Every structure is written in C-alpha cells, then in structure tokens.
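Contents: one structure, followed by commentary.
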Amino acid sequence: MFFKIIDFSKYSSIRIGQPTEVLIIEPGDAIPTDHYLIGGANNLLISPTPPPLMMLSKEYAYFKEADGFLEIGAATPTGRIVSYAKKHDIAGFEFCAKLPGTLGGMLAMNAGVKSYEIFNILHSIRIDGEWIPKEKIPHGYRFAHLGGIATAAKFEIHRGYDRALLQELVSLRNNQPSDPSAGSAFKNPPNDHAGRLIEAVGLKGYRIGDMAWSDIHANFLVNLGKGTYEDAEALLKLAKDNVFEKFGIHLKEEIKRL
Ligand SMILES: Cc1cc2nc3c(=O)[nH]c(=O)nc-3n(C[C@H](O)[C@H](O)[C@H](O)COP(=O)(O)OP(=O)(O)OC[C@H]3O[C@@H](n4cnc5c(N)ncnc54)[C@H](O)[C@@H]3O)c2cc1C
C-alpha cells in the first residue's frame, strides 16, 4: 500500500474538497479497518476534515469469465463495465451507462435506475476475502449492508446486450443537470419524489453561495463554481427542515458526507 494525494475539488463529481492523503490498497495488502473506503467519489461530499481515506488500486479493476460467470473487480469504472458487456454481448448491465462510479460504489449503494438495480443481476460479492451470496446481504432501495470491503462481484452470464434499453435509459439522463453534482441528494421517500417535495417548498433553483438546488431537477445539489461544503450542508438542512415542516416527511440523504 502507498499514499497518494487526491484533490477532491477535482476528483469528486461535485467538485468539493481539498488535496487529501488517500491510502491506496493493493492486492495482498491487509485492508485497514480504521480508514473509510471511497470509490469514484460520485456520491460523496468531502468535508474540510474527512476521516482517514483509502481506495482500491487499479489492480482491482478487471474482468474474468469462468464457468458461466463474469467476475468484475470492485475498482472497475461503470463505463468500462458497459463497454465490456457490449463487446461480449452480455445482458443486464445496460443501466450502468451514465451512472458514474465504480462497481464497489454501486454495490454499496445498490445503485440503479428505475426498476434496474445492481443487486437484481448480482450473484455474489467477495467481501473481506470471502464470497458471499447476495441473498445473505441485507439490501434495498439505495442501500446494501456489505459489512466490509467489496473487492469483486460475480454475475451469471446471459447473452443479449440490449441496445434499445440502453438508449431508453441514457435518454432519461437528458433532463439531468450537467453542472457538477453527486447525483440525487436525497432518497425518494415511499410513494413520493424528493425532487417534487423540494420544489413544493420553493427551493428549486435556490442558491447559497455557489451551491444550489438545481433549477432543472430540484433533488440535484449542484456546484455552480466555487461551492463549499458549508454551503452544501446549509442547503441540505434547509430542504430537510422545510419539507418536514410542510409535509411531516423526513428526507433521508443518499449523498454520503465525510
Ligand atoms: C450525475 C450523476 C448521476 C447519478 N445517477 C445515479 C443514478 O441514476 N442511480 C444511482 O443509484 N446513483 C446515481 N448517482 C450516484 C453515484 O453514481 C452512485 O452512488 C455510484 O454507485 C457511486 O459510485 P462511486 O464508486 O463513485 O462510490 P463513492 O461515491 O466513492 O462511494 C459511495 C459509497 O460506496 C462505498 N464503497 C465504494 N467502494 C466500495 C467497496 N469496494 N466496498 C465497500 N464499499 C464501497 C463508499 O464507502 C461509500 O459509502 C449519480 C451521480 C452523479 C454524479
């Protein structure tokens, strides 16, 4: 293992943070338990004082096919997964297109789009060196309790990469803000949409400093320039307070603050 300085104002999708020392874990290293693992930082808000951070090295980005299964390393970026599936005519990964991150981040968040979620197509995950079948891992809408560090996952191979489905899912992204963000800030409450609630309390487009609730999609916290962690935090609190006051609904953060 070795240390690397990562500038989170450039690396994180929301462009907030500062140059920070991150421990890079290589195959064979004992994985420390006192560091927080990050993937591609597409769902993170890095504070000025984050906990000690670690990351899997590039060696953990790989594909291996055997006995009807595809094994993918946890550091593999989603874009590469979609390209692999296309090249080898494998079905099921179409929804990963334009869903920024790594496989590890997708597993931990049970990331997905509409009814498509990574756990739907998953067979098992290698967690802390042991293969665990998905049925043994508590998971649901945008969460999975992995209970450790995922280094790889296995998927049963079904042929038939679906171009039409890919196009349909990618076109859903057309009305997504292009300003830097970390995706949806809040999870959708049961039978409702966080974006609708934020809009209903008049916060769509509301700005503090250089951070704002997007005027395109109210559940996207966007960085319009030099947005800070404090501005982001203030907007999250404002939305939570106002939505609770008006609707009695507690919005839960999907974004992870570190
Ligand atoms: C423009 C945009 C659009 C988005 N659209 C969607 C969407 O449609 N659907 C959706 O679900 N998400 C969406 N997101 C959020 C984000 O893409 C997903 O949450 C993604 O899975 C995060 O992956 P990551 O590698 O960046 O994880 P990170 O943000 O780095 O980490 C997220 C969490 O995963 C954990 N984690 C990472 N790697 C591992 C590992 N190997 N083992 C254990 N835990 C790990 C981290 O500890 C952290 O808790 C969007 C984000 C952006 C910026």
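Could you tell me which numbered condition Ile132 fails, if it satisfies all but one of (1) out of contact with any Phe, Trp or Tyr (no Cβ under 9 Å at 6 or more places or on another chain); (2) within 11 Å of the ligand (Cβ to nearest atom); (3) assigned to a strand (DSSP E or B)?
Just one mismatch for Ile132, condition (2).
Just to be sure I understand the filter: pairs with C-beta atoms under 7 Å, separated by 6 or more residues or on different chains, first member in the range 199-213 and farther than 16 Å from Pro177 by Cα, second member of a type outside the set (A, V, I, L, M, F, W, C) and assigned to a loop (DSSP other than H, G, I, E, B). Which pairs pass?
Gly209/Gly227; Gly209/Thr228
Glu26: free of Cβ contacts under 8 Å to residues at least 40 places away in the same chain and within 30 Å of Asp179 (Cβ to Cβ), yes or no?
Values: free of Cβ contacts under 8 Å to residues at least 40 places away in the same chain: yes; within 30 Å of Asp179 (Cβ to Cβ): no.
So Glu26 does not fit the description; no.
Can you tell me which of (1) exposed (fewer than 13 other Cβ atoms within 10 Å of the Cβ); (2) away from the ligand (no atom under 14 Å from the Cβ) is the one Gly140 doesn't meet?
For Gly140, the exception is condition (2).
For the range 23-78, please list each of the strands (runs of 3 or more DSSP E) lying entirely inside it that holds at least 1 residues being of a type in the set (Gly, Ala, Ser) and near the ligand (Cβ under 10 Å from one of its atoms). Talk me through it step by step, then tell me what you get.
On the way: elements: 36-38, 53-56, 63-66, 69-73.
Counting at least 1 such residues, we get 69-73.
Would you be able to say whether some residue in the range 200-210 is on the phi > 0 side of the Ramachandran plot, modelled with pLDDT under 95 and crowded, with 16+ Cβ neighbours inside 10 Å? It would help to see each step written out before you state the result.
If we filter the range 200-210 for residues that are on the phi > 0 side of the Ramachandran plot, which is where we start, we get 202, 205, 209.
Subsequent filtering for residues that are modelled with pLDDT under 95 retains none.
Taking every residue of the range 200-210 in turn, none turns out to be on the phi > 0 side of the Ramachandran plot, modelled with pLDDT under 95 and crowded, with 16+ Cβ neighbours inside 10 Å.
Which residues, counting only those in the range 220-258, are aliphatic (A, V, I, L, M), part of a loop (DSSP other than H, G, I, E, B) and either touching a residue at least 60 places away in the same chain (Cβ under 8 Å) or more than 18 Å from Gly205 (Cα to Cα) (or both)?
Residues satisfying the conditions are Ile249, Leu251, Ile255, Leu258.
Do we find that Pro100 is within 12 Å of the ligand (Cβ to nearest atom) and touching a residue at least 60 places away in the same chain (Cβ under 8 Å) in this structure?
On the way: within 12 Å of the ligand (Cβ to nearest atom): yes; touching a residue at least 60 places away in the same chain (Cβ under 8 Å): yes.
So Pro100 passes the test.
Restricting to the range 141-174, count the residues that are among the acidic types (Asp, Glu) and in contact (Cβ under 8 Å) with a residue 40 or more places away in the chain. Steps first, please.
Within the range 141-174, the first condition is being among the acidic types (Asp, Glu), and the residues that meet it are 156, 162, 168.
Going one step further and asking which of them are in contact (Cβ under 8 Å) with a residue 40 or more places away in the chain, we end up with 156, 162.
Residues that pass the stated criteria total 2.
The values are calculated or read from the model by the stated rules, or taken from the named source; none is laboratory data. Treat the numbers as computed from the prediction; the structure is a model and nothing was measured. Here the Cβ is made from the backbone with ideal geometry for all residues, glycine too, and neighbour counts use every protein chain on show.
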